[in-house]
Amino acid sequence: MVDKYRCMKSGVIGVVSSDFSDIEPFEGTVSLEGFELTKCIEITDRVELPDGSTAISGRAAEEVITEGEDVQIRDGSIGTYSTREKDLNYTEFLALPGEIVIVKSSAGTFAFDLIGSQTGTVVERAKFDLESFVDHHQGDNFWQMGFYGTGGNADKGVVYGDNVQKDGEVGGVLESSKINQIGLEHLYETEPIKITVTESGYVNVYDPSNYESEEFLRYFKDELLSYVQRP
């Protein structure tokens, strides 16, 4: 059986405000508006990377109060009433201590606050310096580019193909626009790798499809970490 917690290779990047060496398991409960709400951090693995640093994988969850409406019968009358109940936010995460935390999706960014509180730091959703990243990979194949701010009638869009920057029709538009997402194929340690990265701090390794979390974090640290920026 494949351990799904070892196969995370995409997510939303959070940048850490200051150094910490580890993330400890945590569980706590608070009383709020008549509800008992529990928060939890669980560590599923710690792995030493080739450079001697530690990579951490884990899960985070928090109970929250949600409000809604429900149709009910009260005193012989049918009406719509406000409801309040407990719900659960959940995410998997990966971390390079003191540098970045990556959560599974934007719905998991609540874990930035949990991990920041546990480590005495601030974890914020990162920006990614696509302009410098694109410049560094001019000789590689960009198979996707999202653009905006063209100044023309077609203000934004996404193009797909091979070496889209070199296309005779859209290459000029891309060169004069701001880039907000890219898809890239290049070699990493002699192995082809296919990724997408967005300006707003999302990364996904498409291929190799069998990448495990440790390999993803090693690639991230070697190739992407230097382009991560504070918001």
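The values are calculated or read from the model by the stated rules, or taken from the named source; none is laboratory data. Keep in mind that this is a model prediction, so the values were computed, not measured. Note: ideal-geometry Cβ built from the backbone for every residue, glycine included; neighbour counts use all protein chains shown. SASA here: full protein model, heavy atoms, side chains in, ligands and nucleic acids out. Shrake-Rupley method; radii C 1.70, N 1.55, O 1.52, S 1.80 Å.
None of I41, I65 is surrounded by 16 or more Cβ atoms within 10 Å (Cβ to Cβ), modelled with pLDDT of 90 or more and within 27 Å of the chain's Cα centre (by Cα) except I41. Per the listing F26, F35, the residue uniquely among the hydrophobic types (A, V, I, L, M, F, W, C), open to solvent by 80 Å² or more (accessible area, probe 1.4 Å) and modelled with pLDDT under 95 is F26. Considering only the range 196-211, state which residues are under 23 Å from T54 (Cα atoms) and crowded, with 18+ Cβ neighbours inside 10 Å. Across the range 196-211, the qualifying residues are G201, Y202, V203, V205, Y211. I'm trying to understand the selection: among the residues of the range 186-231, which are assigned by the TED database to the domain that holds S132, charged (D, E, K, R) and not in a loop (DSSP other than H, G, I, E, B)? Residues satisfying the conditions are E191, K194. Per the listing G157, G139, G172, G168, the residue uniquely free of Cβ contacts under 8 Å to residues at least 40 places away in the same chain, assigned to a helix (DSSP H, G or I) and over 30 Å from I43 (Cα atoms) is G172.
Determine whether V173 is under 21 Å from the mean Cα position of the chain (by Cα) and not assigned by the TED database to the domain that holds D19. So V173 fails the test. Is it the case, given these coordinates, that I179 is surrounded by 15 or more Cβ atoms within 10 Å (Cβ to Cβ) and modelled with pLDDT of 95 or more? When the stated conditions are applied, I179 does not pass them. Among the residues making up the range 110-124, those that are out of contact with any Asp or Glu (no Cβ under 7 Å at 6 or more places or on another chain) and farther than 20 Å from Y227 by Cα are A111, D113, I115, G116, S117, T119, G120, T121.
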